[in-house]
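One structure is given below, encoded as structure tokens.
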Amino acid sequence: MNKKEYAVSLINKKMNGETFLEYKEIAELTGYHPKYICKLKKEIINGTIQMVHGNKNRKPVNTISDKEKEYIIKLYKRSNVSIRQFCKFYNRRSYSCIYNVLRGAGLVGEGLNDSLETVEK
């Protein structure tokens, strides 16, 4: 049970007359501000309380689409240049974004540097 669920259960007990805690004491027990406890009480009375945040399962707006990821991977496979040169050529996304897409596809990463180290030894 997280803090919010605990606070809601204490508020429900208070409203049903099962406990004699004051809202200020409930705030101290849960670590919330007394004004937030009053807000939770109003939400319980209105029936609009939500335990899960509204943005929890939402995809961020600035994420790269799967279509663009596939395009970057295909384009990089056809090219014969380094990642830096490819980023300058592509010029729509940052280096880190393109690098993470290519690393996720297995085209760059730690494994590729191992072959260079064995040649130098």
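Observations on the model:
- Within region 36-72, the set of residues being exposed (fewer than 10 other Cβ atoms within 10 Å of the Cβ) and either more than 30 Å from residue 92 (Cβ to Cβ) or touching a residue at least 40 places away in the same chain (Cβ under 8 Å) (or both) comprises 46, 47, 48, 50, 51, 52, 53, 54.
- For residue 85, the criteria (1) in contact (Cβ under 8 Å) with a residue 40 or more places away in the chain; (2) in the same structural domain as residue 107 (by TED's automatic domain parsing) hold in every case but one, which is (1).
The values are calculated or read from the model by the stated rules, or taken from the named source; none is laboratory data. None of the values given here were measured: they were computed from a predicted structure. Positions of Cβ are generated from backbone atoms using ideal geometry, with glycine treated the same way; all protein chains shown enter the neighbour counts.
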